[in-house]
Amino acid sequence: MEMREAFIGGLLEAMKKDDKIVVLDADLANCIKSAPIHKAFPERAFNVGIAEQNMISIAAGLSSYGFKPFVSSFSPFATRRVCDQITLSCLYSKQNVKIVGTDPGISAEINGGTHMGMDDIGTLRSVADIVIFEPVDEVQLKAALPAIIDYNGTMYIRLFRKTLENVFDENSYKFDLFKADVIQEGKDITICCSGIMVQETMKANEILKSEGISAEIINVHTIKPIDSETIVNSAKKTGLVLTCENHEIIGGLYSAVSEVLSKNYPTKMDAIGVPNCFGEVGKMPYLKEIYKMRAEDIVSKVKEMIKNK
C-alpha cells in the first residue's frame, strides 16, 4: 500500500469516530488521494485552491473553534511558503493544526527543484513549539496516526507518498512519538537515519555486517523534539556517529544530532544527505547517485569514518 493511501485510510476511519477532524487541500487532493474523504465527509473536507497561506490561516481559525484540521501540500509549499502563517497563526496562537508535507526531498523526482522540500525541516525546526515527524514505513505511519490526532498542538508530518518497504513488523512494533527506535544495537558506529534513508541504511547494514562492522541503527522519526537520551547513550557506546537523511545536511537531522552531541557528548560525526544546493529533475535512483545517498555510499562513508576514528 502507498503511504498516502495508508494515511488517508487511517484518517478516514478516525473521522468516522471524531467529528472534529477536518481536512483541507490546496488543489492537490488527487496527489494525496484524499477523494474518499471528500466523498464521505463533504462538509468536513475543503479544497481552498492554490492558496496555501490562506489554507493555513483557515486551519488555524477552525482550530480556534475546536476543530482538528489536517492540511496538505507538497513539502516546500507546506513549509517555506507558509512559514509566517504557521509561526503566528498556528504556533504563537497555540492552535492544533497538523500540516502534511508530501514528496519531501528528492522524492519529488520529476517535479524538480521547485517542488523539492530539501529545506523544509530546517525552515520549521527553529520555530518554537513545533513537532516534526517523518514516518519510515506503513507500519509506523498507522501506529503513529492515533498519537498524531491526540497530540494537541501544531505538527509537521513529512510524508513520502508512494510505497516503501516495511522496516517494522506490525505485530511487534511499539510506537512512541517522542522516542527514537533503536532498530539494531551495535558497537562500531551509530547511524541515525530518517525517512526513506532508513531503508537505504538497512541495505547498507547487510553489507557492513558481512564485512564484520557492527552498526547501531537508530530511526529518528521525530526530529523535533529530538530524543537526545537515545542518541547520547549510543554515541557513548560507539564513539562515532553518522546521520543519513533525505534533506539538506544544513538544518535537518545532521544539524539536530550535532547540536545534541556538541552539548552533551562531543563525538566525531559525518553526514549523508543533500548538499546545500537546489534540486533537479530526475528519478530517485539517479538523484540518490548524484547526491551520494545510496547504500554503497553509506558503506563507503562508514568505512572511512572507522578507518579515521
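Odds and ends about this structure:
- Answer from SER228, SER172, SER210, SER194 - the residue that is among the small types (Gly, Ala, Ser), closer than 30 Å to ALA60 by Cα and outside the structural domain of GLU109 (by TED's automatic domain parsing): SER194
- Taking the criterion of being touching a residue at least 12 places away in the same chain (Cβ under 8 Å), surrounded by fewer than 24 Cβ atoms within 10 Å (Cβ to Cβ) and either assigned to a loop (DSSP other than H, G, I, E, B) or of a type in the set (Asp, Glu) (or both), the residues of the stretch 217-247 that qualify are PRO225, ILE226, ASP227, GLY239.
- Cβ pairs under 9 Å, 6+ apart, first in the stretch 112-127 and in the same structural domain as ILE249 (by TED's automatic domain parsing) and over 13 Å from GLY252 (Cα atoms), second part of a helix (DSSP H, G or I) and of a type in the set (Lys, Arg): none
- Taking the stretch 15-38 as the range and being surrounded by fewer than 17 Cβ atoms within 10 Å (Cβ to Cβ) and at pLDDT 95 or above as the test, the residues that pass are LYS16, LYS17, ASP18, ASP19, LYS20.
- Tally, over the stretch 21-50, of residues that are touching a helix residue (DSSP H, G or I) at 6+ places or on another chain (Cβ under 9 Å) and not in a helix (DSSP H, G or I): 14
- Complete set of residues in the stretch 120-136 that are surrounded by fewer than 23 Cβ atoms within 10 Å (Cβ to Cβ) and in a loop (DSSP other than H, G, I, E, B): SER126, VAL127, ALA128, ASP129, ILE130
- Selection count, the stretch 85-112, where residues are assigned to a helix (DSSP H, G or I) and among the polar types (S, T, N, Q): 5
- If only residues of the stretch 144-202 that are basic (Lys, Arg) and either closer than 27 Å to LYS236 by Cβ or within 13 Å of the chain's Cα centre (by Cα) (or both) are counted, the one that is surrounded by the fewest Cβ atoms within 10 Å (Cβ to Cβ) is LYS174.
- Each residue in the stretch 179-195 was checked for being out of contact with any Phe, Trp or Tyr (no Cβ under 8 Å at 6 or more places or on another chain), of a type outside the set (Ser, Thr, Tyr) and assigned to a loop (DSSP other than H, G, I, E, B), and 6 pass.
- Residues that are hydrophobic (A, V, I, L, M, F, W, C) and farther than 25 Å from MET284 by Cα do not occur anywhere in the stretch 107-119.
The values are calculated or read from the model by the stated rules, or taken from the named source; none is laboratory data. Keep in mind that what you see is a predicted model, and the values were worked out from it rather than measured. Note that we place each Cβ from the backbone using ideal geometry, even for glycine, and neighbour counts take in every protein chain shown.
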